[in-house]
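The values are calculated or read from the model by the stated rules, or taken from the named source; none is laboratory data. This is a predicted model, so every value here is computed, not measured. Here the Cβ is made from the backbone with ideal geometry for all residues, glycine too, and neighbour counts use every protein chain on show.
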Ligand code: KE4
């Protein structure tokens with residue numbers, strides 16, 4: 001609190017004037033050349049990867065980091081500052097992964113670092129309750145329309161897994177519905193036609209998941225309201241919950257088509273099914289109140305993560321009081337976590353929720369993302385490369401597709417993956433770090449300013465030209 005007061009929330013990020021067009025204006029700006037220029041040195045990353053593979057399966061602690069779908073060896077990083085990542089060979093990149101969404105304030109935000117330092121002076125954790133947990137829960141309840149009570153976890157997977165268990169306990173039903181290409185973490189029953197890393201590796205289903213689990217998981221096509229209505233007309237009364245990414249961010253970024261979320265709300269109301277919005281990625285990312293604020297559809301439960309941890313392990317699930325009161329120790333649905341509500345993670349989270357509540361935050365963030373999309377499309381068009389984008393608030397998706405807009409899984413799968421792979425490496429050589437998968441969304445932070453957009457568009461100009469040639 002002292003740190004925040006002394007620093008004032010006003011300087012939580014330096015608002016940089018956004019010029020009309022972020023095309024490269026500053027000749028002083030050093031742009032690392034694309035493939036025709038000096039190739040980056042990745043020797044240290046390579047030797048670290050060799051060492052990692054000896055003691056870590058695949059050399060990574062999460063599959064999507066492995067560069068499997070883009071080829072080449074994964075980079076190892078040693079630092080981050082603002083909009084930039086620094087890899088093990090001291091190469092600097094404008095970063096559009098942001099630790100997969102949490103770093104909406106950029107790397108090493110002074111506000112968050114100060115809060116962590118303050119907490120460290122009080123200790124790391126107690127395995128018991130703290131006042132700060134009330135503070136962050138109150139903020140989440142105030143900000144997220146659907147949440148009357150909330151329980152913290154230490155990952156998004158735990159949040160979605162727990163929300164589904166509560167919905168099953170609340171309804172007394174076992175079957176659930178998810179959508180193809182949506183990813184809700186790696187709990188057994190959800191690794192069915194999943195997105196993100198599962199899709200990246202071409203393994204939307206996983207070995208080791210008992211058929212008994214997957215038999216209870218029904219999968220419908222995303223953005224197909226008719227398919228939802230037909231399914232629920234037959235089976236609705238047996239469905240405990242329907243879990244959905246209100247904006248799909250794990251088959252790249254696919255927003256809901258008009259009426260889709262409204263249909264989910266209607267069928268769940270009609271059949272007594274719990275509607276769960278998985279906003280682990282979209283929460284506090286696309287708007288202060290998440291996708292449910294953007295589209296005006298209120299679920300019965302919401303899952304959160306990423307931004308509320310500011311880069312530390314936090315997840316959360318919340319919703320209507322009558323549902324959440326089913327959870328132990330109050331109710332009969334068990335749910336727990338050694339580090340749930342960790343004082344360090346909560347201290348970071350409180351900072352994040354205060355920072356994103358600054359007036360104008362999402363207007364700024366959305367404007368930067370929109371400017372980036374406009375610039376990228378212009379670069380692609382100039383090179384004659386079929387390319388389109390989706391963008392909601394501070395997250396975006398890029399598609400090597402002939403479609404004007406991409407609105408469903410089949411269109412995502414029909415994109416030119418060869419172009420994406422080459423584009424990924426061309427941008428990397430140009431000093432821009434994108435998600436190493438064609439099935440991930442991109443994230444911009446509030447500290448991506450003119451210089452970063454200009455550097456990105458300069459790299460993109462090279463990249464699209466190289467693709468065209
Ligand atoms: P975690 O268990 O990874 O904290 O959260 C799972 C999860 C749940 N729901 C949604 C909508 C998510 O996007 C995620 C995790 N997202 C991926 C990236 N798309 C995490 C990256 C990774 O798996 O390494």
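Where helices (runs of 4 or more DSSP H) sit wholly within region 210-305, those with at least 3 residues that are in contact with a helix residue (DSSP H, G or I) (Cβ under 9 Å, 6 or more places away or on another chain) occupy 225-235, 260-271, 291-295.
Table: residues versus (1) in a loop (DSSP other than H, G, I, E, B); (2) in contact with a strand residue (DSSP E or B) (Cβ under 8 Å, 6 or more places away or on another chain).
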{"position": "373", "(1), (2)": "no, yes"}
{"position": "401", "(1), (2)": "yes, yes"}
{"position": "425", "(1), (2)": "no, no"}
{"position": "448", "(1), (2)": "yes, yes"}
{"position": "451", "(1), (2)": "no, no"}
{"position": "456", "(1), (2)": "no, yes"}
{"position": "461", "(1), (2)": "no, no"}
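The requirement of being within 16 Å of the ligand (Cβ to nearest atom), modelled with pLDDT under 95 and more than 25 Å from residue 95 (Cβ to Cβ) is fulfilled nowhere in region 147-154; no residue meets it. Of all residues in region 147-169, none that is without any contact (Cβ under 8 Å) to a residue 12 or more places away in the chain and closer than 17 Å to residue 102 by Cα has its Cβ atom under 8 Å from the Cβ atom of a residue that is within 12 Å of the ligand (Cβ to nearest atom) and part of a helix (DSSP H, G or I), 6 or more apart or on another chain. The number of residues in region 38-51 that are buried (at least 19 other Cβ atoms within 10 Å of the Cβ) and free of Cβ contacts under 8 Å to residues at least 40 places away in the same chain comes to 1. Criterion applied to 33, 23, 119 was being at pLDDT 95 or above and either in a loop (DSSP other than H, G, I, E, B) or more than 16 Å from the ligand (Cβ to nearest atom) (or both), and the one residue passing it is 119.
Considering region 236-246, the residues that are more than 9 Å from the ligand (Cβ to nearest atom) and within 22 Å of residue 438 (Cβ to Cβ) include one that is nearest to the chain's Cα centre (by Cα), namely 246.
Are any residues in region 91-112 assigned to a helix (DSSP H, G or I), within 15 Å of the ligand (Cβ to nearest atom) and crowded, with 24+ Cβ neighbours inside 10 Å, and if so, which ones? Matches in region 91-112: 98 only. Residue 197 passes all but one of (1) within 25 Å of residue 97 (Cα to Cα); (2) more than 11 Å from the ligand (Cβ to nearest atom); (3) surrounded by fewer than 24 Cβ atoms within 10 Å (Cβ to Cβ); which number fails? Single failed check for residue 197: (2).
Scanning region 168-190 for residues that are in contact with a strand residue (DSSP E or B) (Cβ under 9 Å, 6 or more places away or on another chain) and within 13 Å of the ligand (Cβ to nearest atom) returns 178, 179, 181, 182, 183, 184, 185, 190. For residues that are buried (at least 24 other Cβ atoms within 10 Å of the Cβ) and within 9 Å of the ligand (Cβ to nearest atom), tally how many sit in region 156-167. Summing the residues that are buried (at least 24 other Cβ atoms within 10 Å of the Cβ) and within 9 Å of the ligand (Cβ to nearest atom) in region 156-167 gives 4. Scanning region 377-395 for residues that are surrounded by fewer than 23 Cβ atoms within 10 Å (Cβ to Cβ), in contact (Cβ under 8 Å) with a residue 24 or more places away in the chain and touching a strand residue (DSSP E or B) at 6+ places or on another chain (Cβ under 7 Å) returns a single hit, 390.
Filtering 455, 435, 463 for residues that are buried (at least 23 other Cβ atoms within 10 Å of the Cβ) and within 16 Å of the ligand (Cβ to nearest atom) leaves a single hit, 435. Specify which of the listed residues (228, 267, 254, 219) is under 22 Å from residue 175 (Cβ atoms) and within 16 Å of the ligand (Cβ to nearest atom). Going through 228, 267, 254, 219 in turn, just one is under 22 Å from residue 175 (Cβ atoms) and within 16 Å of the ligand (Cβ to nearest atom): 219.
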